[in-house]
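Chemist: Below you'll find the structure I mean.
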Amino acid sequence: MSTPPPTRWSRAVAGGCAGAGTDGTGVPGYAEHFAALVEQGADFHAEARLADALVGRGARVLDVGAGMGRVAAELVARGHDVTAVEPDADLRAQAAATYPGLSVLPLDALEVDDDLGDFDLVVCVGNVLVYLAEGTEVQVLATLGRRLAPGGRILAGFHLVSARAGARDYAPAEFEADVAAAGLVVQGRFGGYDLAPPTDDYAVWLLGRA
C-alpha cells in the first residue's frame, strides 16, 4: 500500500507536544512516564488483564499502536502469541529498552495487512484511535476488522474529550457511526478496563464483525 498519511500523534511529536520525549510543557513524555512506572513496580496492567480475560489460553493477539510495549509484554507473559506494531521509532526504542526480547513491528494501523494473519483479539488502547491521521478512522477500523479470526473481537479505549495536545475529541455517537461504517458492531461500552459503567471521560469498547 502507499505510505500512510501523517497521524495526529506524529504531528504532535513533531510539534513538541507529545511522544517519547518531553511535551510542550516540559512534562516527561509518554514513554518516560511508563518506563518510570515499570521501574517502580506500579500496577498498570488493567488493559492486559481485560484482554487476557476475553480470549482463551495461547490466543493470537494483535496490539496496534503498542507504544513502549507494556500491554504486549504483559500478554506475552500471560502466554499469548502477540504481534505488536508501532510506527513511532522512539517508542519502539523505548520498548526494546524496557522489555528486551519483545518484538515490535514498525507498522502503522493502516499497514496491518493479510501477511500478519488473523487474530482472536485486536487490542487498540491507550488513545491510539484519537491520534490517527485525520479522516482515516473508518479505514483503520475496517482494516482492524479484517484481521479478526471468526468470533474475534477488538478491544479499544480512548478519552472521549482530548486529554493531551494533538488528540481529537471522539464523541460516542460519532465513534459508533464510524464503527458501523467499517462493517463492525459495538458489543459493549464501559467506563474503564474494570468494566465500570460508561462515563463522559473515557470509553472502553468491545467491537466485533457485523
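The values are calculated or read from the model by the stated rules, or taken from the named source; none is laboratory data. Note that this is a predicted model, so its numbers are computed, not measured. Note: ideal-geometry Cβ built from the backbone for every residue, glycine included; neighbour counts use all protein chains shown.
Chemist: Which members of segment 88-100 meet the condition of being in contact (Cβ under 8 Å) with a residue 60 or more places away in the chain and surrounded by 20 or more Cβ atoms within 10 Å (Cβ to Cβ)?
Modeler: Asp88, Leu91, Gln94
Chemist: Search segment 159-179 for residues being assigned to a helix (DSSP H, G or I) and among the aliphatic types (A, V, I, L, M), and hand back the single one that is surrounded by the fewest Cβ atoms within 10 Å (Cβ to Cβ).
Modeler: Among those residues, the one meeting the criterion is Ala173.
Chemist: Further question: Filter segment 44-56 down to residues that are modelled with pLDDT under 95 and outside any helix (DSSP H, G or I) and give me whichever is surrounded by the fewest Cβ atoms within 10 Å (Cβ to Cβ).
Modeler: Phe44
Chemist: Write out, first by first residue and then by second, each pair whose Cβ atoms fall under 8 Å of each other, whose residues are 6+ apart or on separate chains, and whose first residue, in segment 1-28, is within 14 Å of Asp108 (Cβ to Cβ) while the second is modelled with pLDDT of 50 or more and exposed (fewer than 15 other Cβ atoms within 10 Å of the Cβ).
Modeler: So the pair list comes out as Met1/Asp113; Pro5/Glu134; Arg8/Glu134.
Chemist: Look through Ala133, Ala196, Ala182, Ala156 and report the one residue that is without any contact (Cβ under 8 Å) to a residue 60 or more places away in the chain, under 15 Å from the mean Cα position of the chain (by Cα) and either farther than 25 Å from Pro5 by Cα or surrounded by 14 or more Cβ atoms within 10 Å (Cβ to Cβ) (or both).
Modeler: Ala156
Chemist: Right, next: Report, by residue number, each residue of segment 64-87 that is modelled with pLDDT of 95 or more, of a type in the set (D, E, K, R) and within 20 Å of Val13 (Cβ to Cβ).
Modeler: Residue satisfying the conditions is Glu86 alone.
Chemist: Another question, then. I'd like the residue in segment 109-132 that is closer than 12 Å to Ala66 by Cβ and either in a loop (DSSP other than H, G, I, E, B) or among the hydroxyl-bearing types (Ser, Thr, Tyr) (or both) and, out of all such residues, is modelled with the lowest pLDDT.
Modeler: Step by step, filter segment 109-132, then rank; the result is Gly126.
Yes or no, residue by residue, for (1) closer than 16 Å to Gly69 by Cα; (2) in contact with a helix residue (DSSP H, G or I) (Cβ under 9 Å, 6 or more places away or on another chain); (3) of a type in the set (A, V, I, L, M):
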position	(1), (2), (3)
Ala93	yes, yes, yes
Tyr99	yes, yes, no
Val104	yes, yes, yes
Glu134	no, yes, no
Ile154	no, yes, yes
Val161	no, no, yes
Tyr170	no, yes, no
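Chemist: Those residues that are more than 17 Å from Gly117 (Cβ to Cβ) and surrounded by fewer than 19 Cβ atoms within 10 Å (Cβ to Cβ), I need them from segment 137-148; list them, please.
Modeler: Val138, Gln139, Ala142
Chemist: Assess whether Leu206 counts as being part of a strand (DSSP E or B), under 15 Å from the mean Cα position of the chain (by Cα) and crowded, with 17+ Cβ neighbours inside 10 Å.
Modeler: yes
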